[in-house]
Amino acid sequence: MKKNHLFIIILFLLLCGASLYAQISTDPQNDFYTYAESWELKGYVDHLPQLRPYPLAVIKSILSQVIEHGRDRDVEIAQEYYEQVTGKPFTLVLEGNYTKKRESNRDTNERSYTNQYSGGPFAVGDIQLGDLVSVGYSLGLYSTNVSDSEVLPIYTNSLYDTVSDPMSIGPFDVNIDMNTNVAVGTDKVYVQAGINRSGYGPFLGTDLALSDTSFHSPNLTLAYDGGRWSYTQLISSIGASLNNGSDLDSESEVDKYFAFHSIRFDVTKTLTVSYYESTIFGNRFDIAYMVPAPYMAVQGMGDSTDNSQMGLLIEYSPITCLKWSTNFLADDLDLDKMVKLHFDTKIRVGIQSGIQYSPADSACDLLGLDYTIITPYTYAHWSYDDDGKTFTDTTYNFLNYTNHGVSIGASLPPNSDRINFKARFSPVKRLTATISTSFIRHANAYESLSDSEAEKVYLTNYYSHKNGYVYIDYDDGSVSESAASGYTYIETDGGDIYSTDGSVFSQQKFIGDDNHVSTAWDYLNLLNQDHVMLIYQMGLDLAYQMPRMKLGQWTLKFGYVWEYIHNDGVQDAMYSGSTGDGDYTKAYEKWVDNLHETVNNYISFSVRIAY
């Protein structure tokens, strides 16, 4: 029996494929962008564009600069990439993956195992149409027997752009995973349109404003490189999820949009400053956000209810091969109190600062060390129903900083910080090794609510679960199980109305006429809760690309992550209406009782064949 299982696994790995191999021009997580960051640090190329992925004209320009100015090792890598993007316009990629997660509850000594078999065939390619037009595509199917979230380390986004509308074949769910774009222009000025993920800034995969790991979206990008200064603008159509964060895999609504623009200026040869803005808006499309004008002014043309942020990115390169970058994203600030030096107030910001190092003529491709902090309720925002005061468990959120339930910015939830180290090496030709370590702290900001606030939140959820309706006082958000003077009847689907899991879906308002949760709205409460989750992660990834054979280009990959979580369960709902039997203190006690220590081990293997 075991031999039969092994045969099935091997056959699956050889016959299936996945989008881990995606085109450079459609996937901002392609290895090319790590090399591009390294080449910029070494001074081989000019400033990289502000937004990833790049169109083919930019990619070819970068590779040409490296071939002309780089050293032997980097020149060889650039030449291989150049052959890839200028070679045949169609490549068939087959890849199979096997991932195993072992989860150990240290408090109960219970263990569980999850095995994932995933993959699917993909057609990928780049096509140059004349001097100004290029097309990139990655078209395929992704199949899996379990969802990616079941075998990924905590706060890690999936590599795939699929939704839960699969075709079932035996134990596998099969879904499309497609990304395309078309670019018109040169390497200095271009317009690009398509559906793909987008990334911003020097922190690959972890940016506060626009992360490469977020869900893909149809988007339109404009970019201009004027030498000492550059400008870029993006507008995307994104998916709205439910206000309470439930049913993220299956519930999504359109008519939600994301706009972003950034201007970058070289102050000196070693210091670059970028100012950027982003805005989430919905239930309408506003063409004003396509105009290169300050979003704060654009929002002020209406009733200022859109969700806007602004940010400052500072990049300093004291010596060749080394850069220190700091990114500051401001979501919502109480400036009146801050100028009076009162900082225990509403401060909704994200800060990320770190160094990147890429030594010349070294086996080290890129080394990065950074610290990130995201204050409570950053990225969060309520959406109301048509009456402007009500939300239920069926209300879609058209304003929070998510796309299809996935954070557009950092994958860390609010009220968290992280120290992250990552280093990529190429000790021998065709072999790459990446080591990474992270230390994360996260706490549920709802643990700081006052007794009266916690009771209002809990009873609203509890009555919704029990009866399928609640009675709300719009003046202060108070709740009643039965009709009473001054209370309004609200019908629900029997789920939580308030999300209390400490994620981006946990908010600072009660139902009603602009009712703020005072503890959440007027105080910072940064990681000062009684129960803080601590996460330690260590990982190793190996990839070996075999010489090209008649059977295609084979790549073998291995990955391992060790993860320890103290106070696992902090990320669960604290005041869910399904617990506590009508008593919010019992619901809280149950939440505390469920906290435990967890040790997880993740191991993965993959085989890729490109024809």
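Across the range 100-132, the qualifying residues are those that are touching a strand residue (DSSP E or B) at 6+ places or on another chain (Cβ under 8 Å) and free of Cβ contacts under 8 Å to residues at least 12 places away in the same chain, and the one among them that is farthest from D161 (Cα to Cα) is E110. The residues on offer are W591, W562, and the sole one that is hydrophobic (A, V, I, L, M, F, W, C) and open to solvent by 60 Å² or more (accessible area, probe 1.4 Å) is W562.
Of the residues in the range 506-513, not one is out of contact with any strand residue (DSSP E or B) (no Cβ under 8 Å at 6 or more places or on another chain), among the charged types (D, E, K, R) and surrounded by 14 or more Cβ atoms within 10 Å (Cβ to Cβ).
If only residues of the range 61-92 that are in contact with a strand residue (DSSP E or B) (Cβ under 9 Å, 6 or more places away or on another chain) and in a helix (DSSP H, G or I) are counted, the one that is farthest from P427 (Cα to Cα) is T86. Among the residues making up the range 83-105, those that are more than 25 Å from the chain's Cα centre (by Cα) and at pLDDT below 95 are E83, Q84, V85, T86, G87, K88, P89, F90, T91, L92, V93, L94. For the range 480-487, state whether one or more residues are open to solvent by 10 Å² or more (accessible area, probe 1.4 Å), touching a Lys or Arg at 6+ places or on another chain (Cβ under 9 Å) and without any contact (Cβ under 8 Å) to a residue 40 or more places away in the chain. There is at least one residue in the range 480-487 that is open to solvent by 10 Å² or more (accessible area, probe 1.4 Å), touching a Lys or Arg at 6+ places or on another chain (Cβ under 9 Å) and without any contact (Cβ under 8 Å) to a residue 40 or more places away in the chain.
Results for (1) open to solvent by less than 10 Å² (accessible area, probe 1.4 Å); (2) part of a loop (DSSP other than H, G, I, E, B); (3) within 27 Å of Y275 (Cβ to Cβ), shown as yes or no for each residue.
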site: K337; (1), (2), (3): no, no, yes
site: F343; (1), (2), (3): no, yes, yes
site: L399; (1), (2), (3): no, yes, yes
site: R424; (1), (2), (3): no, no, no
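If you go through the range 527-555 and pick out every residue that is among the aliphatic types (A, V, I, L, M), within 22 Å of the chain's Cα centre (by Cα) and open to solvent by 50 Å² or more (accessible area, probe 1.4 Å), you end up with 2.
Annotation for the range 283-299: at least one member residue is open to solvent by 20 Å² or more (accessible area, probe 1.4 Å), in contact (Cβ under 8 Å) with a residue 40 or more places away in the chain, farther than 30 Å from P359 by Cβ and polar (S, T, N, Q). The residues on offer are Q79, Q23, and the sole one that is within 25 Å of A183 (Cα to Cα) and at pLDDT below 90 is Q23. Tell me, yes or no, whether the range 306-318 has at least one residue that is surrounded by fewer than 22 Cβ atoms within 10 Å (Cβ to Cβ), modelled with pLDDT under 90 and out of contact with any helix residue (DSSP H, G or I) (no Cβ under 6 Å at 6 or more places or on another chain). Taking every residue of the range 306-318 in turn, none turns out to be surrounded by fewer than 22 Cβ atoms within 10 Å (Cβ to Cβ), modelled with pLDDT under 90 and out of contact with any helix residue (DSSP H, G or I) (no Cβ under 6 Å at 6 or more places or on another chain). Before we move on, is D541 part of a loop (DSSP other than H, G, I, E, B) and touching a residue at least 12 places away in the same chain (Cβ under 8 Å)? When the stated conditions are applied, D541 does not pass them.
Condition check ((1) part of a strand (DSSP E or B); (2) crowded, with 22+ Cβ neighbours inside 10 Å; (3) at pLDDT 95 or above) across all residues:
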residue: Q352; (1), (2), (3): yes, yes, yes
residue: D370; (1), (2), (3): yes, no, yes
residue: I373; (1), (2), (3): yes, no, yes
residue: T378; (1), (2), (3): no, yes, yes
residue: S383; (1), (2), (3): no, no, no
residue: D386; (1), (2), (3): no, no, no
residue: G409; (1), (2), (3): no, yes, yes
residue: P413; (1), (2), (3): no, yes, yes
residue: D417; (1), (2), (3): yes, no, yes
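Within the range 131-144, the set of residues being open to solvent by less than 50 Å² (accessible area, probe 1.4 Å) and not hydroxyl-bearing (S, T, Y) comprises V133, V135, G136, G140. Go through the residues of the range 272-284 one by one and say whether even a single one is among the hydrophobic types (A, V, I, L, M, F, W, C), at pLDDT below 95, under 26 Å from the mean Cα position of the chain (by Cα) and part of a helix (DSSP H, G or I). Scanning the range 272-284, I find no residue that is among the hydrophobic types (A, V, I, L, M, F, W, C), at pLDDT below 95, under 26 Å from the mean Cα position of the chain (by Cα) and part of a helix (DSSP H, G or I), so the answer is no. Checking each residue in the range 207-230 for being of a type in the set (S, T, N, Q), assigned to a loop (DSSP other than H, G, I, E, B) and surrounded by fewer than 24 Cβ atoms within 10 Å (Cβ to Cβ) picks out only T213.
The values are calculated or read from the model by the stated rules, or taken from the named source; none is laboratory data. All values reported here derive from a predicted model rather than from experimental measurement. Glycine also receives a Cβ, built like all others from the backbone with ideal geometry; neighbour counts cover every protein chain displayed. Keep in mind that these areas ignore ligands, DNA and RNA; they rest on the heavy atoms of the full protein, side chains included. Shrake-Rupley method; radii C 1.70, N 1.55, O 1.52, S 1.80 Å.
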